[in-house]
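K.L.:
Structure below; questions to follow.
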Amino acid sequence: MAEQHIQGIGVSPGIRIAKAFVINNNPALTTREHINEEEVEAELARLGNAKELSATELMNLTEQAKLSLGEKQAGILSGQAKMLEDPAYYPQIEKRIREERHSADHAVRVVTELIAGKFEKLSNEYMRERAADIRDLGKRLLSHLQGEERISLSDIREEVIIVADDLAPSDTVQLNKQYVLGLLTRVGGKTSHTSIMSRSLGISAVVGVGDAVREIADGELLIIDGSQGICIRMPDPKTIETYQLRQQSEQLELELLEKFRSRPAETKDGIRVEMAANIGTVQEAAAAVDRNAEGVGLYRTEFLYMNTSHAPNEEEQFIAYREVAESMNGRPVIIRTLDIGGDKELPYLPLPKEANPFLGYRAIRIGLDRKELLVTQLRAILRASHYGNIKIMFPMISSLEEWRDAKATCEKTRTQLIQEGFPVSNSIEMGIMVEIPSAALLANAFVKEVDFFSIGTNDLVQYTLAVDRMNEKVAYLYDYFHPAVLQLIQRVIKAAHSHGKWVGMCGGMAGDPLAAPLLIGLGLDEWSMNSSSIVKIKQVISNLDSRDCRKLTDRLLLLDTTEEVRRELVRYMKELQPNE
Ligand code: PEP
Ligand code: MG
């Protein structure tokens, strides 16, 4: 048979070549659905026994997960054990046996599906994923009811790629990464539990492949590429060779970078800077922790509002912010208030068509106009502040009046929450995004009132150079190395440092290796970027000397054109002697 390429979603990187280990984890569990009156007690006893066995099993698996995956992932399993005690679940199964003469198996299936279906309808992504947990629990009860052993994945003793419809969290914990090289599943997305767990285990994974998965036979040779989301069935020898070579260079690059994962971002002469992550979802916080991010420098909360059909209420937002704060474990989390408008729309908040949306009704302008939106979000953020190290940041600030209004709204909201009896942290730093030239030019005035600045180069460039960041036709003009942009950045950092305040950068420039010597030279304190760029930037920084970078920066700031700045930087980087 000819080689076959199947496209899925790459959720955990790495090229793997191994035999398929096919799990049919969705057996048709057929048992009769109804029982007679006199069988009720026996059926309840059978259910009770399955419950006990499930509870013990979950307790053991939780302990196992704590050791292999950490507290957070173990929490998913202990959460299932708690669901077993939930009045909305187990007693409902008993009720169906008693009142509707359901067999225990049928009652478990019906109640499980009913609850999973309800979870699936919720707009909150986190809650939707609880559907997988309740189904996993249902399967466990069923397997004990039917006296069957669940396949023990921990018994696998040869190198394989697991092929399945989906893997339950409890299956994933058992994977031994020495033998299980990869995962290939029919369903799933970047944020499914399988994906999160495979990333934390370092097992390469491609999910959401679709029905093609069902055609794969146990034992056939597969190649998967967890970055590109590709699976190759029946690869011919040439393809195998190509992928083996790619695997080797991937390995070399990883080994090289791996050394920097646990190291701080520090220049040769010992200047340390903070490496933070930009995130848009709760799940990305886990990836940030995985990459050793020292905090979240930008939590783009828009996504929480964009993936739903209604504005997320205070409770839904609170759950998300609290989870991010907790998963960062005391490390700072900068939550940016809603930045909607421009290129981002909300289906339930129709914004009038504007000739220049990026110059129009956007971000904090909407928040200050529609205070109910801002206050709901601030209430959720402030409540979550009790559970971690949260800071608040306002987007698109162009004047002191806007900042003062936003800050006063926040303080009023805080007082109100305290009156209502909510615990709220009493030391929340508040800052602004510097992404409009007027804010950069007034940095000396802002600095007296804000706790920090975070430079948003993505917008700062478009507003300074009058170049629409979405317009391909003028993309050639869009460049953060433009001397005017550099002068603004320098101005902001100087203003902050003269008042003992810190400055971050969460725009794309922070994750560009070419910008690193310049940003070190300028004295940027906190760098926030996509978490996958962190190791690379740390490696670049480790090869820099801050004194040289300052001299370079002084020279760069005297240049008149973007081209000269770029040329100088490229030359500087080429001449650096690698230290590793
Ligand atoms: C920026 O403008 O640089 C920024 C980080 O914000 P966003 O890209 O979300 O506009
Ligand atoms: Mg911006």
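Each reported figure results from applying straightforward, stated rules to the coordinates on display, with no laboratory input. In this text the structure is predicted, and so the values were computed from the model without any measurement. Methodologically, a virtual Cβ is constructed for each residue, glycine included, from the backbone with ideal geometry; neighbour enumeration extends over all protein chains shown.
K.L.:
Taking the number of other C-beta atoms within 10 Å as the exposure measure, put F260, F453, F446 in order starting with the fewest.
P.N.:
Working: F260 21, F453 28, F446 24.
If I rank by nearby Cβ atoms, fewest first, I get F260, F446, F453.
K.L.:
Need the C-alpha centroid separation for segment 34-101 versus segment 251-274, integer Å.
P.N.:
46 Å
K.L.:
Related question: Which angle between 0 and 90 degrees, to the nearest 10, do you get for helix 371-384 versus the longest principal axis of the chain when only C-alpha atoms count?
P.N.:
The angle comes out near 70 degrees.
K.L.:
If packing is taken as the average number of other Cβ atoms within 10 Å across a peptide's residues, how do 490-501, 331-342 rank, most packed first?
P.N.:
331-342, 490-501
K.L.:
May I ask you to compute the full-extension gain from D290 to Q419, defined as 0.36 nm times their residue separation minus their alpha-carbon distance, rounded to one decimal in nm? Don't skip to the answer; put the middle values down first.
P.N.:
On the way: separation 129, 0.36 × 129 = 46.44 nm, distance 3.81 nm.
Once the chain is fully extended between D290 and Q419, it gains 42.6 nm.
K.L.:
Roughly what angle does helix 562-575 make with the longest principal axis of the chain, taking Cα atoms, 0 to 90 degrees, to the nearest 10?
P.N.:
Approximately 70 degrees, to the nearest 10.
K.L.:
Counting only residues 5 or more places away or on other chains, whose amide H sits under 5 Å from the amide H of F21 once H atoms are built in the peptide plane?
P.N.:
The list, which skips near neighbours in sequence, is I161, I162, V163, G219.
K.L.:
Among the lysines, select those whose C-alpha is under 28 Å from the C-alpha of K412, and discard any that sit fewer than 8 residues away in the same chain.
P.N.:
Correct list for K412: K371, K391, K448, K501.
K.L.:
Calculate the spin-label point distance for R566 paired with R272, positioning each point 7 Å from the Cα along the beta-carbon direction, and give it in nanometres.
P.N.:
Between R272 and R566, the label points sit 3.6 nm apart.
K.L.:
Under a crude label model (7 Å from the Cα following the beta-carbon direction), how far is T242 from R555 in nanometres?
P.N.:
So the two model labels end up 4.3 nm from each other.
K.L.:
What angle, in degrees between 0 and 90 and rounded to the nearest 10, separates the Cα long axis of helix 125-145 from the longest principal axis of the Cα atoms of the chain?
P.N.:
20 degrees
K.L.:
Aspartates and glutamates within cross-link reach of K574: Cα-Cα under 16 Å, excluding same-chain residues under 8 positions apart?
P.N.:
Excluding near neighbours in sequence, the set is D512, D545, D548, E564.
K.L.:
Quick check on the exposure proxy: order V447, V434 from fewest to most C-beta atoms within 10 angstrom.
P.N.:
By the 10 Å Cβ count, ascending: V447, V434.
K.L.:
Specify whether the C-alpha gyration tensor of segment 37-145 places it in the rounded, prolate or oblate class, a ≥ b ≥ c being the square roots of the eigenvalues: rounded for a/c under 1.5, otherwise prolate if a/b is larger than b/c and oblate if not. Write out the running numbers ahead of the final one.
P.N.:
Numbers: a/c = 2.99, a/b = 1.43, b/c = 2.09.
Oblate is the answer for segment 37-145, as a/c is 1.5 or above yet b/c matches or exceeds a/b.
K.L.:
For the chain, give me the percentage of DSSP beta bridges that are antiparallel, rounded to the nearest 5 percent.
P.N.:
35 percent
K.L.:
On to the next question. How much net charge surrounds T561 when only the other residues with a Cβ under 11 Å from the Cβ of T561 are counted, with Lys and Arg +1 and Asp and Glu -1?
P.N.:
-3
K.L.:
Test of understanding: ordering E94, E158, E266, E52 by Cβ neighbours within 10 Å, fewest first, what list do you get?
P.N.:
E158, E52, E266, E94
K.L.:
Distance in nm between label sites at M127 and A355, each 7 Å beyond Cα in the beta-carbon direction?
P.N.:
4.3 nm
K.L.:
Something else: Under 5 Å between amide hydrogens, which residues at least 5 positions from I390 or on another chain qualify, with H placed 1.01 Å from N in the peptide plane?
P.N.:
Residues meeting the amide H criterion: V333.
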